[in-house]
Amino acid sequence: MIKYSVTYATITDESASNGDFAETGFEIEDKEISVDDIVHLIVTGFTDPSSWPLRAGGLSGVWLSNEFEQDIYSGEQTQQSLHIDASEAELEIIFKRAELI
């Protein structure tokens, strides 16, 4: 089992005009998950890596984000990011199975 966290960042019109997020934090923190389940999370929504191209040997510290979603009533935009706490070898397996490398 490996561990993962999901963070979020919310932008409002006001925070955007100040060049900042309105709110950030953790939705999930240090939860254990299987390799199969983390691969499923990646392929079903967390497809935007923090750096590109992904290369074996340089995967530590990379996180994956989804697209910003906008609340139709408030106009707030929120993005989630997936952070995987795993060894370089485990990350290589995960990203290969998710077809990111």
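The values are calculated or read from the model by the stated rules, or taken from the named source; none is laboratory data. In this text, all values refer to a predicted model and were calculated from it rather than measured experimentally. A quick note on method: Cβ atoms are made from the backbone with ideal geometry, for glycine too, and the neighbour counts reach across all protein chains shown.
The figures follow:
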{"quantity": "Residue within segment 48-60 that is at pLDDT 90 or above and not in a helix (DSSP H, G or I) present", "calculated": "no"}
{"quantity": "Residue satisfying condition, being under 23 Å from T12 (Cα atoms) and in contact with a Phe, Trp or Tyr (Cβ under 9 Å, 6 or more places away or on another chain), within set L82, L59, L54", "calculated": "L82"}
{"quantity": "Yes/no for V6 being touching a strand residue (DSSP E or B) at 6+ places or on another chain (Cβ under 9 Å), at pLDDT below 90 and aliphatic (A, V, I, L, M)", "calculated": "no"}
{"quantity": "Any chance I84 is over 28 Å from S17 (Cα atoms), touching a residue at least 12 places away in the same chain (Cβ under 8 Å) and under 12 Å from the mean Cα position of the chain (by Cα)", "calculated": "yes"}
{"quantity": "Test set (1) touching a strand residue (DSSP E or B) at 6+ places or on another chain (Cβ under 9 Å); (2) at negative phi - W52 fails condition number", "calculated": "(1)"}
{"quantity": "Any hit, segment 11-20, residues being under 17 Å from A98 (Cβ atoms), surrounded by 15 or more Cβ atoms within 10 Å (Cβ to Cβ) and at pLDDT 90 or above", "calculated": "no"}
{"quantity": "Residues that are closer than 19 Å to E88 by Cβ and either at pLDDT below 90 or assigned to a loop (DSSP other than H, G, I, E, B) (or both), drawn from segment 28-45", "calculated": "S34"}
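Okay, residues lined up against (1) surrounded by 14 or more Cβ atoms within 10 Å (Cβ to Cβ); (2) among the acidic types (D, E):
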{"position": "F26", "(1), (2)": "no, no"}
{"position": "D30", "(1), (2)": "no, yes"}
{"position": "I42", "(1), (2)": "yes, no"}
{"position": "P49", "(1), (2)": "yes, no"}
{"position": "S60", "(1), (2)": "no, no"}
{"position": "S65", "(1), (2)": "yes, no"}
{"position": "Q70", "(1), (2)": "no, no"}
{"position": "Q77", "(1), (2)": "yes, no"}
